[in-house]
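To start, the structure itself, in structure tokens.
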Amino acid sequence: MALNHVLGYRCSVCGAEQAYAPRDVVYACPRCSGNFDLVFDYEAIRRAAPGRATPEPSLWRYLPLLPVSDPGLTGTPLRAAGWTPLYRAERLEERLGQNRVFIKDDGRNPTASFKDRASAVVVARALELGVSRVVTASTGNAGAALAGMAAAAGVPATILAPASAPPAKVAQLLVFGAQVVLVDGTYDDAFDLTVQAAETFGWYCRNTGYNPFTAEGKKSAAFEIAEQLAAFSVPIDGCWPVPDVLCVSVGDGNILSGIWRGFQDLLRLGWTERMPKLIGVQAEGSAACARAWESQAEKIVPVSARTLADSISVDLPRDGLRAVHAVRDTGGSFVVVSDDEILAAMATLGREAAVFAEPAGATAYAGLAKAVGQGLVPADASVLVMNTGNGLKDVASARRAVSEPMRIAPNLESLREALGARSA
Ligand SMILES: *Cc1c(COP(=O)(O)O)cnc(C)c1O
Ligand SMILES: [Zn+2]
């Protein structure tokens, strides 16, 4: 009996269906290599979750909506992923001329990025399957998250990352005890190699936009947004509110499609009444999804990615089609921002909202500022900005976003002089 309420898999591209079997390792569609969506029994979920959520302060509060059985591991970081803080940012509202701006800070996850949501669920799935090792390609955060969640569960992990990954992220991989392989090539090279390695060595592959369980972990952010926003508004017919507009950065597109998926679940369960408009934000130098959306194409044309926001630097978005569909389906849009706008957004988020974001996280706010400037966001809309990663992940970029500190001899005269010079 499936306790996880999963009925099967359906290809998001060609519609092919496959039944769920508890011990089957399933990745992409064998017919067209499109990404699989999981198909749920919503009646069974409704019966299993009469109170919608338990009081557990993590994504596991929504266990009946997740495609895995209870992994146990209570008291470990795997059990602590998710349930990140949601803030109201009044100074950003003033700055943008918007009524309601909220920030969800997923930099506050156990390994300091949104990727913990996916990795916690994938490792729970790995435990069900009884695999010997988990593996992923990563620009840094997916690997750090998989390494951390695997360490929490005592499962061996191998991470393949491009040699250009920021040092803090590589340090995280090593500290969590993963086998770390730096690949002299791009993320896309590491991705293909990981798929081959998993096949050859019988490892369980977490790759984003390949393993259907990553989006299932990521959808938990949508549940939290709806539940947490209820604290800021009067409930209508007992439903949870949804933001009018949600901004999130896009690399492979799996966070965006996971969040879309989560809001679809809520709507199907009748726990919410509508969908938010999803705004996908890409860096100018890594904008394959935005280009496909603009040209209304059903195919993603790869780019040669170049942006300082390493977490969204992707040549061929592996979940790009679903991301484009998410934006189209919700009446949202794609917005493209420059690296300078991303750096400015890091400084603004820190100064005006006390949130320290890595470049790919601040990209979501840069996109909101741009979308407001382009008239895409009505002033009375409620807006949620998703920060996907912590600024400590990439201190070198953070230093580029701000000015140099003053430096003085240790006496009051020097201090007075320096302060005077600064204010003049
Ligand atoms: C992975 C990541 C993203 C982008 O997620 P995709 O699923 O690749 O679109 C954005 N920000 C951060 C910090 C990330 O680690
Ligand atoms: Zn298919």
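The values are calculated or read from the model by the stated rules, or taken from the named source; none is laboratory data. As the structure is a computational prediction, the values presented were derived from the model and not from experiment. Cβ sites come from the backbone with ideal geometry, for glycine too, and all protein chains shown count toward neighbours. Remember, those area values only see protein heavy atoms, side chains included, never the ligands or the DNA or RNA. Shrake-Rupley method; radii C 1.70, N 1.55, O 1.52, S 1.80 Å.
Look at the range 282-293: where a residue is of a type in the set (Lys, Arg) and open to solvent by 10 Å² or more (accessible area, probe 1.4 Å) and a partner is outside any helix (DSSP H, G or I) and modelled with pLDDT under 95, sitting 6+ places away or on another chain with Cβ atoms under 9 Å, you get Arg291/Ala297.
Only one of Glu43, Glu17, Glu56 is modelled with pLDDT of 95 or more and within 23 Å of the chain's Cα centre (by Cα). Can you tell me which?
Values: Glu43 fails: within 23 Å of the chain's Cα centre (by Cα); Glu17 fails: within 23 Å of the chain's Cα centre (by Cα).
So the residue among Glu43, Glu17, Glu56 that is modelled with pLDDT of 95 or more and within 23 Å of the chain's Cα centre (by Cα) is Glu56.
Residues checked against (1) farther than 21 Å from Ser58 by Cβ; (2) free of Cβ contacts under 8 Å to residues at least 60 places away in the same chain:
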{"site": "Val183", "(1), (2)": "yes, yes"}
{"site": "Thr186", "(1), (2)": "yes, no"}
{"site": "Trp203", "(1), (2)": "yes, no"}
{"site": "Ser220", "(1), (2)": "no, no"}
{"site": "Ala230", "(1), (2)": "no, yes"}
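Residue pairs whose Cβ atoms lie under 9 Å apart, sitting 6 or more positions apart in sequence or on different chains, and linking a residue in the range 403-424 that is under 24 Å from Ala344 (Cβ atoms) to a partner that is open to solvent by 100 Å² or more (accessible area, probe 1.4 Å) and not polar (S, T, N, Q), are Met406/Arg422.
Looking only at strands (runs of 3 or more DSSP E) that lie completely in the range 1-43, which have at least 2 residues being more than 16 Å from ligand 1 (Cβ to nearest atom) and farther than 21 Å from Gln264 by Cα?
On the way: elements: 6-11, 17-19, 36-40.
Because the criterion is at least 2 residues that are more than 16 Å from ligand 1 (Cβ to nearest atom) and farther than 21 Å from Gln264 by Cα, no strands (runs of 3 or more DSSP E) in the range 1-43 meet it.
Counting only helices (runs of 4 or more DSSP H) that sit wholly inside the range 101-203, those with at least 1 residues that are open to solvent by less than 10 Å² (accessible area, probe 1.4 Å) and basic (Lys, Arg) are 115-129, 167-175.
Among the criteria (1) crowded, with 24+ Cβ neighbours inside 10 Å; (2) away from ligand 2 (no atom under 16 Å from the Cβ), the one Ser257 does not fulfil is (2). Among the residues of the range 345-370, those that are within 16 Å of ligand 1 (Cβ to nearest atom), hydrophobic (A, V, I, L, M, F, W, C) and over 17 Å from the mean Cα position of the chain (by Cα) comprise Ala345, Met346, Leu349. Inspect all residues belonging to the range 264-271 and state whether any of them is open to solvent by less than 10 Å² (accessible area, probe 1.4 Å), part of a helix (DSSP H, G or I), among the acidic types (Asp, Glu) and more than 16 Å from ligand 1 (Cβ to nearest atom). So far as the range 264-271 goes, yes, one or more of its residues are open to solvent by less than 10 Å² (accessible area, probe 1.4 Å), part of a helix (DSSP H, G or I), among the acidic types (Asp, Glu) and more than 16 Å from ligand 1 (Cβ to nearest atom). Name the residues in the range 337-365 that are open to solvent by less than 10 Å² (accessible area, probe 1.4 Å), part of a helix (DSSP H, G or I) and small (Gly, Ala, Ser), would you? Matches in the range 337-365: Ala345, Ala360, Gly361, Ala362, Ala364. When residues in the range 371-404 are screened for being under 15 Å from the mean Cα position of the chain (by Cα) and among the β-branched types (Val, Ile, Thr), 2 of them pass.
Does Asn109 fit the bill of being within 16 Å of ligand 2 (Cβ to nearest atom) and within 18 Å of the chain's Cα centre (by Cα)? When the stated conditions are applied, Asn109 does not pass them.
Could you tell me how many of the residues in the range 314-336 are part of a loop (DSSP other than H, G, I, E, B), open to solvent by 30 Å² or more (accessible area, probe 1.4 Å) and touching a residue at least 60 places away in the same chain (Cβ under 8 Å)?
Here is the first cut: in the range 314-336, the ones part of a loop (DSSP other than H, G, I, E, B) are 314-319, 330-332.
Next, from what is left, pick out any that are open to solvent by 30 Å² or more (accessible area, probe 1.4 Å): 315-316, 318, 331.
Restricting the remaining residues to those that are touching a residue at least 60 places away in the same chain (Cβ under 8 Å) gives 315-316, 318.
Number satisfying all stated conditions: 3.
The residue that is most open to solvent (accessible area, probe 1.4 Å), counting only those in the range 208-250 that are within 16 Å of ligand 2 (Cβ to nearest atom) and part of a loop (DSSP other than H, G, I, E, B), is Tyr210.
Yes or no, residue by residue, for (1) in contact with a Ser or Thr (Cβ under 9 Å, 6 or more places away or on another chain); (2) closer than 15 Å to Ser397 by Cα:
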residue: Ser295; (1), (2): no, no
residue: Ser311; (1), (2): yes, yes
residue: Ala326; (1), (2): yes, no
residue: Phe334; (1), (2): no, no
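Scanning the range 71-100 for residues that are under 14 Å from Pro243 (Cβ atoms) and open to solvent by 10 Å² or more (accessible area, probe 1.4 Å) yields Leu86, Tyr87, Arg88, Glu93, Gln98, Asn99, Arg100.
Take Ala53 and decide whether it is part of a loop (DSSP other than H, G, I, E, B) and either open to solvent by 30 Å² or more (accessible area, probe 1.4 Å) or away from ligand 2 (no atom under 16 Å from the Cβ) (or both). The answer is yes for Ala53. Only one entry in Asp315, Asp310 is within 21 Å of Ala165 (Cβ to Cβ), at pLDDT below 95 and over 16 Å from the mean Cα position of the chain (by Cα), namely Asp315. A Cβ distance below 6 Å, combined with a sequence gap of six or more or placement on separate chains, defines the contacts here; from the range 29-48, residues that are open to solvent by 40 Å² or more (accessible area, probe 1.4 Å) reach residues that are away from ligand 2 (no atom under 14 Å from the Cβ) and outside any helix (DSSP H, G or I) in the pairs Asp41/His5; Asp41/Leu7.
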